[in-house]
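Trainee: Below is one structure. I have some questions about it.
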Amino acid sequence: MNVASHWDSVFRTKTPDELSWHRPHLDLSVELIQRFAPSRSASIIDVGAGESTLVDDLLALNYERLTVLDIASAAIEESQKRLKTIADRVHWLIGDVTEVALSTGPFDVWHDRAVFHFLVDAEQRRKYVRAVLNTVRPGGYVIVSTFGPQGPRKCSGLQVMRYDAESLHGEFGKQFRIEESTVEIHQTPWGADQQFVYCCCRVE
């Protein structure tokens, strides 16, 4: 089974409450996006959004230029159903972030909660960073969240990487200036703790 098929199967067979990373609202992400991109005309991409309600919350805050990307068509379909008639206010993309053409850039904010840590191959990570550099404008912000050092070693049956703020920023390099980092202890829908690290950088 390829990666896209794997994630399609996950989203077609499980409800959000059966997914360990699910939160009803990504409050920390919303706070960071509002701080780094206060203008409602800012162009924002949510990478690997799954069925996240981040797009709902950003629409409710009147952000006007939103792109949602996920490798699983099933996740995109469910998000569109949830948003109903306002789904057409969002640009939807289905594809692998390391391969897909991100034609809606340049972006002011690149947001990724829990995609980067699935890139266990170094070349995949290099492609990801190139995609960021090619589509986020100079002065734009990159918000990436991964499992922290005490986070899980596997997720949804796949191996993951774990990072602290320094090692996560190190994957991106000198063209990115770190603005801040924070640790979030996420509680899974069944009450277990997962450590996430958020790293926020500015593209030089």
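Trainee: If you average the alpha carbon positions of region 81-101 and of region 1-75, how far apart do those two centres end up, in angstrom?
Mentor: 9 Å
Trainee: Report the normalised scattering of region 71-185 as log10 I(q)/I(0) at q = 0.13, 0.16, 0.22 Å⁻¹, calculated by the Debye formula with identical scatterers on the alpha carbons.
Mentor: Calculated log10 I(q)/I(0) at the listed q: -0.58, -0.88, -1.40.
Trainee: Further, regarding this structure: Among DSSP beta bridges lying fully in the chain, give the percent that are antiparallel, nearest 5. Mind showing how you got there, number by number?
Mentor: On the way: 20 of 40 bridges.
Given both bridge residues lie in the chain, the antiparallel proportion sits at roughly 50 percent.
Trainee: Can you give the helix-only mean residue ellipticity at 222 nm for the chain, where every DSSP H stretch with n ≥ 4 adds -39500 (n - 2.57) and the sum goes over all residues, rounded to the nearest 500 deg cm²/dmol?
Mentor: The per-residue figure over the chain is -9000 deg cm²/dmol.
Trainee: Now, a different point. Tell me which residues come under 5 Å, amide H to amide H, from I178 once H is placed; ignore anything under 5 positions away on its chain.
Mentor: R202
Trainee: Let me ask another. For the chain, please report how many Lys pairs fall under 27 Å Cα to Cα, leaving out neighbours fewer than 8 apart on the same chain.
Mentor: Step by step, the pairs that qualify in the chain add up to 5.
Trainee: Region 115-130 to region 169-188: how many Å between their Cα centroids?
Mentor: Centre-to-centre distance over Cα atoms comes out at 15 Å.
Trainee: Let me ask you something else. How do 75-81, 65-71 rank on mean C-beta neighbours within 10 Å, highest first?
Mentor: Packing order, densest peptide first, comes out as 65-71, 75-81.
Trainee: Translational D (Stokes-Einstein, µm²/s) of the chain at 4 °C and 1.567 mPa s when Rh comes from the Kirkwood sum over C-alpha pairs?
Mentor: It diffuses with D of about 76 µm²/s by this estimate.
Values in this text are rule-based calculations from the coordinates and carry no lab data. Everything numeric here is computed off the predicted structure, so don't read it as measured data. Counting neighbours? That spans all protein chains shown, and the Cβs are built from the backbone with ideal geometry, glycine included.
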